[in-house]
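Here's the structure we're looking at; comments come further down.
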Amino acid sequence: MDDLLIKALLQPTPYEQPTTTVSLLQTHISFIFLTDSHVYKIKKAVDFGFLDFTTLEKRRFYCFEELRLNRRLSPDIYLGVVELRRAPDGNVAFNGSGEVIEYAVKMLRLPGERMMGRLLEEHRVTPADIRAIALQVARFHGDAARSPEIDRFGTVEMIRANWNENLRQVRPYIDRTISPAAFSQIEALMATQLEERGPLINSRITGGFIRECDGDLHSENICLDSRVHIFDCIEFNEKFRYSDTAADVAFLLMDLENHGQRQLAELFLAEYGAASNDSAIVEAVQLYLPVRAFIRGKVESFRLDDPAISAAEKQAAAARAGRFFRLAHGYVLRAKLPRSLFITCAPTGCGKSALAGELSLMLGIAHVATDIERKRLAGIPSTERGENIYTREWHQRTYDRVAELARERLAGNESVLVDGTFCRKNDRDSFAALARESGSRL
């Protein structure tokens, strides 16, 4: 789509319903025009190998596929496929007169302030929201189509082929959004997991868990309005939609963790397991968590090569991609991680808390911070510095408290990271003793 056409579609006149404003969002595969009341989604003329929208007829076909498939979960917001026509005078309009130059999926516009991604950033997603999503996803999976042809996509061979394709597509981004070391470790450890989990994968096929799923189940595609709206499933490639139901579940679990909401992820998994009667779901999602994070890193990386995206947007996409790849790396590492007690040791203000936060995200472990616990003990907000809480007495009270919290985690066979200066040898020695007592690595 050229700049002149984009400029024309940013005016109110081409649209069927009156609108005061039009704005544009872009993904790596779509132009999304938002009016006051509706959304018009036009596919980009791109070919990524796993999708091909390079001809007008292909874009038309996949618009109708998007409509058909998304009406399974949100029939009320997917209104139809509309034609964008250019009149002899050069003006363009949806369902106007003249030559058809594009097709668009027309949707009702959902309230941006109720999008789950935004609500997660604002810490406004509730346990009740998570239960409602889990119930709807479980029902959707229970009704989703299955067949011998769909089952084929759940085999070890097909999963391996898809994984190798993901690796090939990410190789151009090594040293851009993913480090060579992380790429190599993910590649090796995922190959090992596929071999080790062969019996589990086969049991998922015989148990009837390979279905026509959503394929893109994450918070940016969920709106928590008067009801749960789940939209924008994968329409362009069957192999991304025909999968283990655990792959859908893993996508949202990974996304919740990426937002720092591990407790909500654990709640979603528990509620989904109860609603679906899938007794193996906890084990099954472990195979797909790194895959989902890796795919999100890949998709964000694609934006770096999109000429329609600004330099600032590309920089932001690179940062998001790097975080997803670190999470994917962490998922494969944590599968082999023995129970461990991590401590930081560095002066104040050098960046250790940022590093500790990233490490705890990657490894999925509790992050206990001395500064937060010190202020919690003093009964003051974490944003305030506080007076007289950095004395020797307060130091000892704080380290005793974080040791207690670490001991509880280790006793529950969990790893834990304690974030403090640990500049005193006595503190380091006491936590080394705690690790020995619990049989954990330090």
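The values are calculated or read from the model by the stated rules, or taken from the named source; none is laboratory data. The structure displayed is predicted, hence computed values, not measured ones. So basically every Cβ, Gly included, is an ideal-geometry build from the backbone, and we count neighbours across all protein chains shown. Surface areas here come from the heavy atoms of the whole protein model, side chains and all, with no ligands, DNA or RNA. Shrake-Rupley method; radii C 1.70, N 1.55, O 1.52, S 1.80 Å.
By how many nm would the segment from residue 185 to residue 13 lengthen if fully extended, with 0.36 nm per residue of separation less the alpha-carbon distance?
Taking 0.36 nm per residue and subtracting the Cα distance, the gain is 56.6 nm.
Step through the table entries 58/106; 336/375; 44/298; 41/298; 43/298; 298/352, compare each Cα-Cα distance with 24 Å, and write down the pairs that go over it.
In this structure, 336/375; 298/352 exceed 24 Å between Cα atoms.
Want the number for residue 433 to residue 79: 0.36 nm per residue separation, take away the alpha-carbon distance, what's left?
Here the segment from residue 433 to residue 79 would lengthen by 121.0 nm.
Please identify which residues in the stretch 308-351 have an amide N closer than 13 Å to a label point set 7 Å out from the Cα of residue 441, following the Cα→Cβ vector.
Under 13 Å, as judged by backbone N against the label point of residue 441, lie 333-343 of the stretch 308-351.
Do any GluC sites (Glu not before Pro) in the stretch 102-161 lie in a DSSP loop with no more than 13 other beta carbon atoms within 10 Å, and if so, which?
Answer in residue order: 122.
If you take the beta carbon distance between residue 91 and residue 390 as r and set R0 to 56 Å, what does 1/(1 + (r/R0)^6) give as a FRET efficiency, to the nearest 0.05?
Plugging the Cβ-Cβ distance into 1/(1 + (r/R0)^6) gives 0.20.
Rounded to a whole number, what % of the accessible area of the stretch 77-199 do carbon and sulfur atoms account for, probe 1.4 Å?
Carbon plus sulfur share of accessible area: 51 percent.
As a test, work out the antiparallel percent of DSSP beta bridges whose residues both lie in the stretch 294-442, rounded to the nearest 5.
0 percent
GNM, the chain, Cα, under 10 Å: largest mean-square fluctuation among 350, 223, 213?
Its mean-square fluctuation being the largest, the pick is 350.
Once R0 is set to 51 Å, what does the formula 1/(1 + (r/R0)^6) return for the Cβ-Cβ distance between residue 206 and residue 354, expressed as a FRET efficiency to the nearest 0.05?
The computed FRET efficiency comes out at 0.65.
Efficiency by 1/(1 + (r/R0)^6): what FRET value for residue 378 and residue 109, r their Cβ-Cβ distance, R0 = 60 Å, to the nearest 0.05?
The pair residue 378/residue 109 has a calculated efficiency of 0.80.
Any idea how far apart residue 414 and residue 21 come out in nm if each label point goes 7 Å out from Cα toward Cβ?
Each label point is offset 7 Å from its Cα along the Cβ direction, giving 4.2 nm.
How far, in nm, would the chain grow between residue 283 and residue 45 when pulled straight, counting 0.36 nm per residue and subtracting the alpha carbon separation?
Once the chain is fully extended between residue 283 and residue 45, it gains 81.7 nm.
Anything in the chain that counts as a DSSP H helix reaching 27 Å or more along its axis (C-alpha) with Kyte-Doolittle mean of at least 0.5? List them, would you?
281-302
Could you order peptides 178-184, 16-22 by the average number of other Cβ atoms within 10 Å of their residues, highest first?
Averaged packing, sorted descending, gives the order 178-184, 16-22.
With each label point set 7 Å from Cα along the Cα-Cβ vector, what nm distance links residue 424 and residue 145?
In this crude spin-label approximation the distance works out to 6.7 nm.
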